[in-house]
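Only one structure is covered here, and it is reproduced in the block below.
The values are calculated or read from the model by the stated rules, or taken from the named source; none is laboratory data. In this text, all values refer to a predicted model and were calculated from it rather than measured experimentally. Methodologically, a virtual Cβ is constructed for each residue, glycine included, from the backbone with ideal geometry; neighbour enumeration extends over all protein chains shown.
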Amino acid sequence: MDNSFTPVAYEFRETIAEQMALQTFGKVFFWSGYQVDEVTGRVIKLDEISGQGIFILLDSGVRVRIDRIITLFGKIGAAYDEYDAFANQCLSCTAGVPL
């Protein structure tokens, strides 16, 4: 898994801004290394950190890079396609499976 920041569609940034304005409380699922992690809270800030990427800051103090978000309060995030491919990879293989 590449650790460099991947550009995110502007529409997803708009979704984040909308959820901040609504003060939505809920779960954010995201990639943490090679595993899926989750955090609960409200997004209070969208912050760009030079050389690291763009992050959301939740009221719990947790910072999540936006290109690693799988879902934000049930809405598809920038890393959803990566998650979907990961979740389906074993469904397409039959090597080693007894018939």
Exercise for the section: Look at Ile16 and say whether it is among the hydrophobic types (A, V, I, L, M, F, W, C), assigned to a helix (DSSP H, G or I) and under 15 Å from the mean Cα position of the chain (by Cα). Expected result: yes
Handout entry: Every pair of residues 6+ apart whose Cβ atoms lie under 8 Å, when the first sits in region 14-28 and is touching a residue at least 60 places away in the same chain (Cβ under 8 Å) while the second is hydrophobic (A, V, I, L, M, F, W, C)
Key = Thr15/Leu72
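Test of understanding: among Ile49, Ile56, which residue is aliphatic (A, V, I, L, M) and either modelled with pLDDT of 95 or more or loosely packed, with under 11 Cβ neighbours inside 10 Å (or both)?
Ile56
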Exercise for the section: Filter region 19-39 down to the residues that are aliphatic (A, V, I, L, M) and either part of a strand (DSSP E or B) or within 17 Å of Val62 (Cα to Cα) (or both), then identify the one that is modelled with the lowest pLDDT. Expected result: Val36
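Can you pull out the residues in region 59-78 that are of a type outside the set (Val, Ile, Thr), under 13 Å from the mean Cα position of the chain (by Cα) and surrounded by 13 or more Cβ atoms within 10 Å (Cβ to Cβ)?
Those that are of a type outside the set (Val, Ile, Thr), under 13 Å from the mean Cα position of the chain (by Cα) and surrounded by 13 or more Cβ atoms within 10 Å (Cβ to Cβ): Arg63, Arg65, Asp67, Arg68, Leu72, Phe73, Lys75, Gly77, Ala78.
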Practice task
For Val28, work out the one condition from (1) surrounded by 18 or more Cβ atoms within 10 Å (Cβ to Cβ); (2) touching a helix residue (DSSP H, G or I) at 6+ places or on another chain (Cβ under 9 Å) it doesn't fulfil.
Solution key: (2)
